[in-house]
Amino acid sequence: MRHGSGGRVRYRSRSAGRARGSARHFTYWHHLGLAGKIGYIAATFSALVAVTAGVGGYAYYRHLVGNISDVNVGGLTGRSVYGQLNILVLGSQQRAGQKGYFGVAPGDSPDTDNSDNLLLVHLNATHTHATVLSIPRDTFVYEPGCKARTRMIGIGIQGPYAYPPGNIIDGALNIGGPTCAVRTVEDLTGIKLDHFVEFDFNSFRTMVDAIGGVEVCVPKGGYYDKASGVHLTAGRHLLKYDQALAYVRQRDDLGAGTTDAGGDLPRIAVQQAFISSVLQKVEKEGLLSNIREVPQLLDILSTATKALTVDKGLGTVNNLLTLAKSLAHLQASDVSLITMPTTMDTFDYPTYSEHEMAVQPQDDVLFGMILHDQSWQGHLPLEPHRKVQVRVLNGTGETGLASRTAASLRKLGFDVVKIGNAPYTSTTTVTYSGIERADSAYTLMTALKEFPAGENLRNEPENQVGSWGPVNLILGTDFAGVTAPKHVTKAALDKSSKSKHGKKAKHSKGDSAATAAAAYGSATGPGDVQSRNAAANICSGLPLGDN
């Protein structure tokens, strides 16, 4: 059963993670995040395109394929690289073989394989647009039963972990390897994955140097993070080697003035800007056009491919070459970087000090966009009101409230198919069954004066896609009426994060991606999703430092 807050509640205590194979998140590990692993992912895929150009490109490519490891991954379609593709890209903590490593939590080792970064990369049918959905690593999810990958993790099947309390998503890779990670993400999103790519981050600094450094931007007040070693004044900086690593590791001092200060969302915002800078540099300097004029690209490729692990379906010369060729015309402006909305709530399970959960129906709307090959347009889509079927159920005991509400919704064009009563509740909630109804649920929610809680009634491992049909508006004593204001306020967002049991959720570091997006320059409200176009000015959408 889903527990309130307009989201999928995924609980697991920090201390419980070790028994289930997840490494503890100590300070240094918190700083080794998204860009430390996907700063060079972007460069890698861009570079793979470059090897197809010019005389001798194929020979270079064959040499690099020899560096790539391929593994058996269960659950993937393995489909041809033509047409729509959904690729799970994981950035692993693993730093096996690295000398002088630091920041390893007690009891852990450089072989710890948590996925500090999870990206669901969707390529549209013509490979002319890419949507990169970032799933915050601290999201608590249903996790299927997975065979432990090593004796260090355990013996036999670990899980399944139903929520609540669930399990933290970054531990799936560590527990059961790529197959476990794939199954976990598919259960969360309802999206069938085609291929798998994994990186470690031993070579990040070397790659940054190989492309001559990466230009980053720092907002007013500067970035000064003692834990990561960042000491940067406001303005643009060309970062190399240790400086670049320190920049992408920072976390504690980011997001000043927001509810997610020091959390995942401001760090992801910085790292997405870093990725944008890499893509823009690759495009501007012609790294995609002629390999013979960019010899340093060979160093990038050699370094990156040694850290690359792919599924068997991608691990051939022909398949990787075909994929590379298909991306030849993909520009930075064609790439949308999106962060899955999350919220933090500890009310229902106060013994768990922190957790993150996906926000419903906003997260399901995003998953549906990927399922239907829809490009991100900067906001969540709305359906025409006439296409939204609604059941209005009165949970207040107030006579006639369902009838009056139904009449108001019909005036707005909604198709009200039923009115009736529901058990008493103080919390107004929109419920729906499956991703296919998420758009209808979200559209209905935006037509109310105060944004309600949302709840997907389908529980994993039940398939999350579902089918089209009516959504339920359950009226609670906090119901404020129909016809939404022009702008949904932060107060309305907080109200949407109430517990299903009618009590206010206790928020921790981050209420939602919408809160963070507002702090980074986007419009406010629960319709907002933290995002950026890869061609955007690298100085835009950055969180402030805590100075």
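Here, each number is a calculation from the coordinates, and none is a lab measurement. Keep in mind it's a predicted model, so treat the numbers as computed, not measured. Reconstructed Cβ throughout: ideal geometry from the backbone, glycine too, with neighbour counts over all protein chains shown.
I want the local charge near ARG532. Using Cβ-Cβ distances under 15 Å, sum +1 for each Lys or Arg and -1 for each Asp or Glu among the other residues. With Lys, Arg at +1 and Asp, Glu at -1, the net is -1. By the count of neighbouring beta-carbon atoms within 10 Å, fewest first, GLU356, GLU460, GLU285 end up ordered GLU285, GLU460, GLU356.
Relative to one another, the C-alpha centroids of the stretch 208-277 and the stretch 119-164 are positioned 27 Å apart. LEU544: net charge of surrounding residues, Cβ under 11 Å, Lys/Arg +1, Asp/Glu -1, itself excluded? It works out to a net charge of -1. Between VAL71 and LYS240, the distance separating the two model label sites (each 7 Å from Cα on the Cα→Cβ line) works out to 3.4 nm.
Using the average count of surrounding beta-carbon atoms within 10 Å as a protection proxy, the listed peptides 190-196, 421-427, 232-238, 135-141 rank, highest first, as 135-141, 190-196, 421-427, 232-238. Per-residue packing, averaged as other Cβ atoms within 10 Å, sorts the ranges 375-384, 204-213 into the order 204-213, 375-384, beginning with the highest. If I take R0 = 45 Å and measure r between the Cβ atoms of THR233 and LYS325 in this structure, what FRET efficiency does the formula 1/(1 + (r/R0)^6) give, to the nearest 0.05? Working from the Cβ atoms, E equals 0.60. Ranking of ARG437, ARG149, ARG183 by neighbouring Cβ atoms within 10 Å, starting from the fewest: ARG149, ARG183, ARG437. Fully extending the segment from GLU383 to ASN318, taken as 0.36 nm per residue of separation minus the present Cα-Cα distance, adds 19.2 nm. If R0 equals 35 Å, the separation of the Cβ atoms of GLN374 and ILE155 corresponds to a calculated FRET efficiency of about 0.20.
Could you calculate the FRET efficiency of THR206 with ALA256 from 1/(1 + (r/R0)^6), where r is the beta carbon distance between them and R0 is 45 Å, rounded to 0.05? That pair, THR206 with ALA256, gives E of 0.90.
Which of the residue pairs LYS147/LYS226; LYS220/LYS281; LYS281/LYS312; LYS240/LYS306; LYS147/LYS192; LYS147/LYS312 have a Cα-Cα distance greater than 28 Å in the structure shown? Pairs exceeding 28 Å: LYS147/LYS226; LYS281/LYS312.
Points 7 angstrom from Cα along the Cβ direction at THR126 and THR399: gap in nanometres? Distance between label points: 6.1 nm. Using the Cβ of ALA172 as centre and a radius below 9 Å, the other residues enclosed give a net charge of -1, where K and R count +1 and D and E count -1.
By other beta-carbon atoms within 10 Å, ranking THR128, THR431, THR342, THR399 with the fewest at the front produces THR399, THR128, THR431, THR342. Stretching the chain fully between LYS306 and ARG79 yields a gain of 79.3 nm (0.36 nm per residue, less the alpha carbon separation).
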